[in-house]
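Written out below as structure tokens is the structure these notes cover.
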Amino acid sequence: MNKDIWVYIEHAEGKIANVSLELLGEAIRIKNNMQKPGQVVAVIIGSDVRGLAPKVLEYGAQEVYIAEDPRLKLYHPEYYGVILEQLIKENDPHIFLMGATYLGSQLAPMVAAKVKTGVAAHCIELKLDDQDNLIAVVPAFGGKVLGDILCPKHRPQMATIKPGILNKPDKTEASGEIVDIDLNFLDKLKPVLKPLSLCREEPKGVPLEEAEIVVCGGWGVGDKEHWQLLEKIAERLGGAVACTRPPIDEGWAPGEHMMIGTSGKSVRPKIYLGFGISGATHHICGMKDAGLIISLNKDEQAEIFKVSDFGLVGDVKEVLPLLEEAFRLK
Ligand SMILES: Cc1cc2nc3c(=O)[nH]c(=O)nc-3n(C[C@H](O)[C@H](O)[C@H](O)COP(=O)(O)OP(=O)(O)OC[C@H]3O[C@@H](n4cnc5c(N)ncnc54)[C@H](O)[C@@H]3O)c2cc1C
């Protein structure tokens, strides 16, 4: 039986996304733990992407499939979906991993539906059972438990993982084969979508992933007025503001680009300050590797205290104005 592990290589403007390299490292780790290992295979789709293959081989892929065509310059779900469907049907991989990015979160379920398999989305860990089958670990019930997701009857076993959860592997000596995919079948397609351009919105202030200090607010911050105090504190500390899910739903925080956790970003700042956050697994797995974790919650039993270096029991509404004033004077 074919035990190949595939990794979808995401890229933009000639640069491979870090998450794809992280997944290559994970694919090698899984392969090394298999009883009867297959190959680690990378798949690159795009226009003018051949130059990315050597780097992919350096990061451990043993084979690289390249689908290159001017029509594939920008991400096009209809073309990309059909190419992956065809490739999977021809090669029958055992496992297929993608980044849980905006692109991967759209592409993975679409491909899974085409080849009639499932996807474990936003996993935080991947393991194997004693038959070399994938066990994808996903937080469930608001992050209170971790669920093992299995896909015993269908192939490939697909999973997506957020950037930053896994470590980037070391480079190795590149060796492996580059295989060109015949794309003649694309001529028969009549896509209804037409991608126009790739737009990147530059974030304001310090980018969350690069910030040495992260000031993170949760539902306990309570209202927009107190949220603004949090923003001022972050600005004065030269840090970035971050949030859990509820402040986005409440409209205090501007968007998901600020969210930390399984569906958000994984960060490793020197200092993480958390205000009014309960400590659900969905959030914890994105911040637990911060250097120093200080959190404030009015509930002394809050889960966040279990991963905190300093836990302060208090009311955010009393503490935030005091902190804002203290940093204003400096
Ligand atoms: C599939 C899925 C993916 C998810 N992904 C993410 C993710 O990536 N990131 C994420 O963060 N969440 C995510 N969630 C949501 C997650 O499960 C939790 O619901 C969320 O993290 C809880 O946010 P919170 O701690 O701000 O709110 P709550 O859990 O409601 O906690 C609020 C805390 O504030 C405290 N508090 C209240 N008032 C005060 C006060 N005045 N002073 C001090 N403390 C106070 C309370 O004691 C409580 O501990 C996801 C959920 C699902 C289902």
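The values are calculated or read from the model by the stated rules, or taken from the named source; none is laboratory data. From a predicted model like this one, the values you see are computed outputs, not experimental measurements. Ideal geometry is used to build each Cβ from the backbone, glycine not excepted, and the neighbour counts take in all protein chains shown.
For Leu296, the conditions (1) more than 9 Å from the ligand (Cβ to nearest atom); (2) surrounded by 23 or more Cβ atoms within 10 Å (Cβ to Cβ); (3) assigned to a strand (DSSP E or B) are fulfilled apart from (1).
Yes or no, residue by residue, for (1) outside the structural domain of Ser295 (by TED's automatic domain parsing); (2) touching a Leu at 6+ places or on another chain (Cβ under 8 Å); (3) farther than 19 Å from Ile293 by Cα:
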| residue | (1), (2), (3) |
| --- | --- |
| Leu193 | yes, no, yes |
| Ser197 | yes, yes, yes |
| Glu201 | yes, no, yes |
| Val214 | no, yes, no |
| Trp227 | no, no, yes |
| Ala234 | no, no, no |
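For the range 35-62, a tally of residues being in a strand (DSSP E or B) and more than 25 Å from Met1 (Cα to Cα) returns 2.
Checked against (1) surrounded by fewer than 19 Cβ atoms within 10 Å (Cβ to Cβ); (2) assigned to a strand (DSSP E or B), Arg236 meets all criteria but (2).
Residues in the range 239-256 that are more than 11 Å from the ligand (Cβ to nearest atom) and closer than 14 Å to His226 by Cβ: Val241, Gly251. Determine whether Ile271 is in contact with a helix residue (DSSP H, G or I) (Cβ under 7 Å, 6 or more places away or on another chain), closer than 21 Å to Glu212 by Cα and away from the ligand (no atom under 11 Å from the Cβ). Criteria not met by Ile271. Listed residues Ile9, Ile45; which is in contact (Cβ under 8 Å) with a residue 40 or more places away in the chain, within 30 Å of Leu198 (Cβ to Cβ) and assigned by TED's automatic domain parsing to the domain that holds Tyr80? From the options Ile9, Ile45, the qualifying one is Ile9.
May I ask you to say which residue of His226, His283 is in contact with a Gly (Cβ under 6 Å, 6 or more places away or on another chain) and either within 9 Å of the ligand (Cβ to nearest atom) or farther than 23 Å from Leu320 by Cα (or both)? None of the others qualify; the one that does is His283. Candidates are the residues of the range 257-268 that are more than 7 Å from the ligand (Cβ to nearest atom) and part of a loop (DSSP other than H, G, I, E, B); the one that is surrounded by the fewest Cβ atoms within 10 Å (Cβ to Cβ) is Arg268.
Taking the criterion of being within 15 Å of the ligand (Cβ to nearest atom) and modelled with pLDDT of 90 or more, the residues of the range 126-144 that qualify are Ala136, Val137, Val138.
Residues of the range 173-191 that are under 16 Å from Tyr79 (Cα atoms) and either in contact with a Leu (Cβ under 7 Å, 6 or more places away or on another chain) or free of Cβ contacts under 8 Å to residues at least 60 places away in the same chain (or both): Ile181, Asp182, Asn184, Asp187, Lys188, Lys190. For the range 206-228, the set of residues classified as farther than 19 Å from Glu318 by Cα and assigned to a strand (DSSP E or B) consists of Ile213, Val214, listed by residue number.
So which residues in the range 145-163 are in contact with a helix residue (DSSP H, G or I) (Cβ under 7 Å, 6 or more places away or on another chain) and either outside the structural domain of Tyr102 (by TED's automatic domain parsing) or within 16 Å of the ligand (Cβ to nearest atom) (or both), if there are any at all? Once the filter is applied, which keeps residues that are in contact with a helix residue (DSSP H, G or I) (Cβ under 7 Å, 6 or more places away or on another chain) and either outside the structural domain of Tyr102 (by TED's automatic domain parsing) or within 16 Å of the ligand (Cβ to nearest atom) (or both), the range 145-163 yields Leu146, Thr160, Ile161, Pro163. Among the conditions (1) assigned to a helix (DSSP H, G or I); (2) under 30 Å from Glu22 (Cα atoms), Glu231 misses just one, which is (2). Taking the criterion of being modelled with pLDDT under 95, of a type in the set (Val, Ile, Thr) and under 20 Å from Pro207 (Cβ atoms), the only residue of the range 263-293 that qualifies is Val267.
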